[in-house]
1. Just wondering, is there one or more residues in the stretch 111-126 that are assigned to a loop (DSSP other than H, G, I, E, B) and either acidic (Asp, Glu) or surrounded by 21 or more Cβ atoms within 10 Å (Cβ to Cβ) (or both)?
2. Does Glu89 fit the bill of being acidic (Asp, Glu), under 15 Å from Phe176 (Cα atoms) and surrounded by 13 or more Cβ atoms within 10 Å (Cβ to Cβ)?
3. Sort out for me the strands (runs of 3 or more DSSP E) sitting completely within the stretch 1-90 that have 1 or more residues that are under 16 Å from the mean Cα position of the chain (by Cα) and among the small types (Gly, Ala, Ser).
4. Report every pair of residues separated by at least 6 positions or lying on different chains whose Cβ atoms are under 6 Å apart, first residue within the stretch 42-66 and polar (S, T, N, Q), second open to solvent by less than 40 Å² (accessible area, probe 1.4 Å).
5. Tell me the residue from His172, His177 that is closer than 24 Å to Gln112 by Cβ and modelled with pLDDT of 95 or more, please.
6. Can you tell me which of Gly79, Gly46, Gly75, Gly61 is open to solvent by less than 50 Å² (accessible area, probe 1.4 Å), closer than 22 Å to Ile195 by Cβ and modelled with pLDDT under 95?
7. Say whether the condition of being under 26 Å from Lys41 (Cβ atoms), touching a residue at least 12 places away in the same chain (Cβ under 8 Å) and open to solvent by 50 Å² or more (accessible area, probe 1.4 Å) is met by at least one residue in the stretch 142-164.
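The values are calculated or read from the model by the stated rules, or taken from the named source; none is laboratory data. Quick caveat, the model's predicted, so the values are computed rather than measured. Note: ideal-geometry Cβ built from the backbone for every residue, glycine included; neighbour counts use all protein chains shown. These accessible areas exclude ligands, DNA and RNA; they are computed on the full protein's heavy atoms, side chains included. Shrake-Rupley method; radii C 1.70, N 1.55, O 1.52, S 1.80 Å.
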Amino acid sequence: MSVAIVKYNAGNIFSVICALQRLGVEPLLTDDPAELTRADKVLFPGQGEAANVMAYLRERGLDAMILSLKQPVLGICIGQQLLCKHSEEGDTDCLGVFDAPVLRLQPQRHEQKVPHMGWNEISGCQDPILREAEGEFVYFVHSYYVPLCQWTTATTDYVQPFSAALRRDNFHATQFHPEKSGGVGEKILKNFLSIA
């Protein structure tokens, strides 16, 4: 099985590579559309600023290529946000796989810190990649979120309930970092890799 990671202007890619290597997978990190199209599975992870990373994707034609992918795709953190329609971060038009906005977290109480960093419970898990994840705690680092919508496949409550995960057709996405979420994160990555 060939697994490719989209190489673009975003950070935190190395931890995803290490997590896949622990599962016995040697992923290819590439921004070559042909290599990404050939892969059996594609991961679109990272941390970064929406406007900068979208500019990078557009300059290299990766925006259209990602939309054309037919194999299972997993967006992680900024990857989930960029798969949505529009982000408040930099007033940025994104890829539009999910017709949903990305909004800035607005704390309501002093103890609600932004960025949201830490472990939170996910519930309402409806995606096969989230099998055995119901009620588990996973690791988040983000200042923007996707509201609950028709593609929500898991929910977390911090400041308000929001989409911890999304799915549409072959596109799966998590706001949290499975590669930093211990045993449950490892199961989620295994489940993604096992999708036919």
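1. Taking the stretch 111-126 and keeping what is assigned to a loop (DSSP other than H, G, I, E, B), we get 111-115, 122, 124-126.
Filter once more, so that each one left must be either acidic (Asp, Glu) or surrounded by 21 or more Cβ atoms within 10 Å (Cβ to Cβ) (or both): 111, 122.
There is at least one residue in the stretch 111-126 that is assigned to a loop (DSSP other than H, G, I, E, B) and either acidic (Asp, Glu) or surrounded by 21 or more Cβ atoms within 10 Å (Cβ to Cβ) (or both).
2. Working: acidic (Asp, Glu): yes; under 15 Å from Phe176 (Cα atoms): no; surrounded by 13 or more Cβ atoms within 10 Å (Cβ to Cβ): yes.
Judged against the criteria, Glu89 is not a match.
3. Details: elements: 3-6, 28-30, 41-44, 73-76, 84-87.
The qualifying strands (runs of 3 or more DSSP E) are 3-6, 73-76, 84-87.
4. Sorted first by the residue in the stretch 42-66, then by its partner, the pairs are Gln47/Gly11; Gln47/Asn12; Gln47/Cys77; Gln47/Ile78.
5. Numbers: His172 fails: closer than 24 Å to Gln112 by Cβ.
Matching residue, one of His172, His177: His177.
6. Values: Gly79 fails: modelled with pLDDT under 95; Gly75 fails: modelled with pLDDT under 95; Gly61 fails: closer than 22 Å to Ile195 by Cβ.
Sole residue among the options that is open to solvent by less than 50 Å² (accessible area, probe 1.4 Å), closer than 22 Å to Ile195 by Cβ and modelled with pLDDT under 95: Gly46.
7. Looking through the stretch 142-164, none of the residues is under 26 Å from Lys41 (Cβ atoms), touching a residue at least 12 places away in the same chain (Cβ under 8 Å) and open to solvent by 50 Å² or more (accessible area, probe 1.4 Å).
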